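As structure tokens, the structure follows; a few thoughts come after it.
The values are calculated or read from the model by the stated rules, or taken from the named source; none is laboratory data. Computed from a predicted structure; not experimentally measured. All Cβ positions, glycine included, derive from the backbone under ideal geometry; neighbour counts span all protein chains shown.
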Amino acid sequence: MLEFDPEWEEKYRDMIMTPKKALSHVRSGHRVFLGTGCGEPTILTEALVKNAKNLADVEIIELMTKGEAPYADRKFAEVFKVNSFFIGGNVRDMYQEGRGDYTPILMFDIPALLKSGRMPLDVALIQVTPPDRRGKMSLGISVDIVKSAAENASLVIAQVNPQMPWTRGDSLIDVYDLDILVPVDEPLIERVKVDSSDVSDKIAQQVAALVPDGATLQIGMGKVPGYGRLPLAVVPFLKDKKDLGVHTELISDEVMEMMEAGVITGKLKAKDRGKVIGSFCMGSRKLYDYINDNPAFSFRPTEYVNDANVIGQHNKMTTINLALEIDLTGQVSSDSENGNFYSGIGGQVDFNRGAARSSDGRPILLMPSVRQDGSSRIVSRMSRGSGVVISRGTVHYVVTEYGSAYLHGKTVQDRTLALISIAHPDHRAQLLKEAIEAKYIREEFADVEGKFVVASQGYMKTKYLLKDGTEINFRPIHPTDEPRMRDLVYDLSQETIYYRFMSHQKRFGQRQIQNFVYVDHRKDVAIVGTLPEAHGDEIIVVGRYYLDEHTNRAEVAFVVRDEWQNKGLGTFMFKHLENIAKANGISGFTAEVLRNNNRMQAIFNHSGCNVTSHIEEGVYSFIMDF
């Protein structure tokens with residue numbers, strides 16, 4: 001049981017000062033580090049600003065702070081210069097006005113920057129718990145780069161607060177490694193949860209579908225005006241997952257809630273099994289009480305948490321981070337927008353690299369399809385001033401409210417088509433035109449203009465469980481399925497091709513493949529049955545109907561990959577298409593079936609519909625009324 005030393009103030013009396021006296025040690029020209037996030041020592045910050053009249057040219061170094069940032073006020077422009085590794089909302093206006101300095105750097109590299117002396121720190125202002133009887137103090141909710149800053153600064157001033165949680169892990173610092181102690185008893189900064197929007201919920205649902213049971217999660221902290229904190233919005237949609245683990249920078253209320261619900265257990269983690277690994281914490285007082293001396297948590301410094309080699313040792317490492325813009329070749333901007341620096345690189349690259357090394361890892365980037373002004377975040381060329389954070393060679397999943405696109409290892413043409421298909425519908429035609437002009441795709445793709453339709457999942461989405469326990473996902477076909485459809489048709493046996501297409505064709509042209517995947521999902525519906533793979537779904541069955549508006553019946557056809565035949569997939573596909581057709585007010589199906597295709601005839605004859613048929617020149621014509 002944790003117990004602070006009740007006599008610590010007497011024992012270390014010679015180290016204790018008032019805030020005013022402690023901050024009088026800061027001199028003009030000093031470089032001062034400020035503790036991170038909700039762990040910012042706000043009393044020390046206020047004392048620093050109160051001493052502004054005696055200072056000039058003080059450089060404040062921060063990862064990100066959640067306090068009011070009074071030092072960023074324009075009236076202190078000659079006193080304080082702010083240099084951030086990640087631009088938070090409290091100082092963003094200053095950066096938009098050109099009054100701040102931003103140091104773009106990978107999160108993992110920051111401790112080495114401080115340790116090497118390339119960014120020497122004169123003073124570190126941090127917040128800690130009171131010492132225990134051994135003289136050990138916990139950095140609490142902000143370990144991240146704070147530990148490195150405290151180890152490398154010439155002078156360390158610590159705000160000692162009994163309301164700071166004691167966190168386990170590599171979070172301890174010895175009282176004699178500090179120089180000045182400032183006793184304070186005040187509530188920590190809390191970060192309130194932000195309501196989600198319809199768009200963020202749709203994105204979250206798309207992302208959640210990519211997260212497998214037993215995955216280890218990293219959840220970014222990005223926020224987009226009007227859409228909330230998008231990565232964190234995903235967490236509530238993971239409530240049906242099993243045995244998730246966490247290895248992340250930010251511990252939030254959402255993580256706590258999933259632990260309480262039994263979704264996050266960590267028992268399948270390949271590393272740090274059973275432990276939630278984080279480097280800092282931002283949230284409610286309830287969260288701070290929850291992590292206090294909780295053995296389920298291990299708070300570690302950035303050198304460990306953001307090490308891609310450590311990250312990659314987890315199986316199914318799934319990283320969820322925010323993007324602000326992506327071009328059609330896959331270049332991603334995450335720290336700048338419209339020519340302005342907006343946030344920072346943070347740990348995005350570290351975790352993207354780590355997840356890519358993980359067995360069945362899934363680096364996921366998410367973003368709304370448009371900005372608040374309606375302009376597209378998916379562009380043919382990066383906007384002026386937008387910097388590339390994730391390169392086109394290392395991008396994997398990109399998700400908007402209109403679907404997900406898997407880009408890694410794909411050609412420029414394939415990734416271009418995939419990204420256009422998840423762009424906002426109002427921008428797809430222009431993106432297609434610009435892609436053709438840029439030679440990203442061939443000119444004949446002009447024919448599919450207006451057909452980049454991503455169907456609503458809703459009632460078109462279902463699952464089928466085989467007798468051996470294999471789960472097959474059924475969903476609308478997607479424009480990004482074009483290469484997978486090509487793989488499917490060329491893997492079919494000649495007999496299956498003959499029964500499905502009534503010919504012995506051995507070649508499927510570009511236009512024919514396009515006709516399979518570019519459908520409007522209103523008059524024409526195409527459904528695929530897939531097996532989930534880390535690199536994207538494998539299609540094993542595809543079904544489609546084409547509506548004849550004169551008869552209000554639709555021609556139906558489907559095909560099952562040879563090795564998956566005789567498992568009930570054809571019957572299930574027919575019933576699923578029937579349910580969709582009924583929901584769309586269609587009165588029945590028609591079909592043409594070769595005389596020798598007994599299995600397809602059996603599906604139709606035993607469909608439960610009112611079935612009539614006749615044969616002519618070796619082909620059965622079926623009419624099936626619902």
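Brief remarks on what is shown
Here is a yes/no grid of residues against (1) surrounded by fewer than 19 Cβ atoms within 10 Å (Cβ to Cβ); (2) at pLDDT below 85; (3) under 28 Å from the mean Cα position of the chain (by Cα); (4) among the hydrophobic types (A, V, I, L, M, F, W, C):
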site	(1), (2), (3), (4)
K463	yes, no, yes, no
F474	no, no, yes, yes
L488	no, yes, no, yes
Y499	yes, yes, no, no
K523	yes, yes, no, no
V528	no, no, yes, yes
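- Scan region 46-75 for residues that are under 31 Å from the mean Cα position of the chain (by Cα), in contact (Cβ under 8 Å) with a residue 60 or more places away in the chain and within 14 Å of L125 (Cα to Cα) and the total you get is 4.
- Close pairs (6 angstrom Cβ cut-off, 6 or more residues apart or separate chains): assigned by TED's automatic domain parsing to the domain that holds N352 in region 381-398, surrounded by fewer than 16 Cβ atoms within 10 Å (Cβ to Cβ) anywhere: R384/G339; G385/G339
- D109 being farther than 21 Å from D57 by Cα and touching a Pro at 6+ places or on another chain (Cβ under 7 Å): no
- Taking residues in region 1-19 that are hydroxyl-bearing (S, T, Y), and partners anywhere that are surrounded by 15 or more Cβ atoms within 10 Å (Cβ to Cβ), the pairs with Cβ atoms closer than 8 Å and at least 6 places apart or on different chains are Y12/P131; Y12/V175; Y12/L181; T18/V182.
- For the condition polar (S, T, N, Q), modelled with pLDDT under 95 and under 29 Å from the mean Cα position of the chain (by Cα), N90 qualifies.
- Screening S148 with (1) over 17 Å from R31 (Cα atoms); (2) in a helix (DSSP H, G or I) gives one miss only, at (1).
- Exclusive hit being within 20 Å of A149 (Cβ to Cβ) and among the charged types (D, E, K, R), set E3, E62, E9, E68: E62
- Considering the conditions (1) out of contact with any His (no Cβ under 7 Å at 6 or more places or on another chain); (2) within 23 Å of K523 (Cα to Cα); (3) among the small types (G, A, S), G568 is excluded by exactly one of them, (2).
- No other residue among E40, E46 is of a type in the set (D, E) and in contact with a Ser or Thr (Cβ under 9 Å, 6 or more places away or on another chain) apart from E40.
- Top-ranked residue of region 393-440 - restricted to ones that are small (G, A, S) and part of a strand (DSSP E or B), ranked as surrounded by the most Cβ atoms within 10 Å (Cβ to Cβ): A405
- Filter result for D109 (of a type outside the set (A, V, I, L, M), within 36 Å of the chain's Cα centre (by Cα) and within 23 Å of Q348 (Cβ to Cβ)): yes
- In region 76-102, the residues that are within 15 Å of V123 (Cβ to Cβ) and polar (S, T, N, Q): N83
- Here G570 fits the description: among the small types (G, A, S), outside any strand (DSSP E or B) and at pLDDT 90 or above.
So that you can scan it fast, the table gives a plain yes or no per residue for (1) farther than 30 Å from D213 by Cα; (2) hydrophobic (A, V, I, L, M, F, W, C); (3) assigned by TED's automatic domain parsing to the domain that holds T470:
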site: L547; (1), (2), (3): yes, yes, yes
site: N566; (1), (2), (3): no, no, yes
site: A591; (1), (2), (3): yes, yes, yes
site: L594; (1), (2), (3): yes, yes, yes
site: N598; (1), (2), (3): yes, no, yes
site: G618; (1), (2), (3): yes, no, yes
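- Residue in region 387-410 that is more than 27 Å from G339 (Cβ to Cβ), in contact with a helix residue (DSSP H, G or I) (Cβ under 9 Å, 6 or more places away or on another chain) and of a type in the set (G, A, S) present: yes
- Among the residues of region 177-233, just one is closer than 26 Å to G266 by Cα, part of a helix (DSSP H, G or I) and among the acidic types (D, E), namely D201.
- Beta carbons closer than 8 Å, at least 6 apart along the sequence or on distinct chains, never pair a first residue in region 276-298 that is not assigned by TED's automatic domain parsing to the domain that holds T216 with a second that is aliphatic (A, V, I, L, M) and not in a loop (DSSP other than H, G, I, E, B).
- Qualifying residue in region 421-440 (condition: of a type in the set (F, W, Y), more than 24 Å from T248 (Cα to Cα) and either touching a Lys or Arg at 6+ places or on another chain (Cβ under 7 Å) or in contact (Cβ under 8 Å) with a residue 60 or more places away in the chain (or both)): yes
- Of all residues in region 289-314, those satisfying the criterion of being out of contact with any Lys or Arg (no Cβ under 9 Å at 6 or more places or on another chain), surrounded by fewer than 23 Cβ atoms within 10 Å (Cβ to Cβ) and part of a loop (DSSP other than H, G, I, E, B) are N292, D307.
- Qualifying residue in region 596-611 (condition: within 24 Å of M460 (Cα to Cα), of a type in the set (D, E, K, R) and not in a loop (DSSP other than H, G, I, E, B)): no
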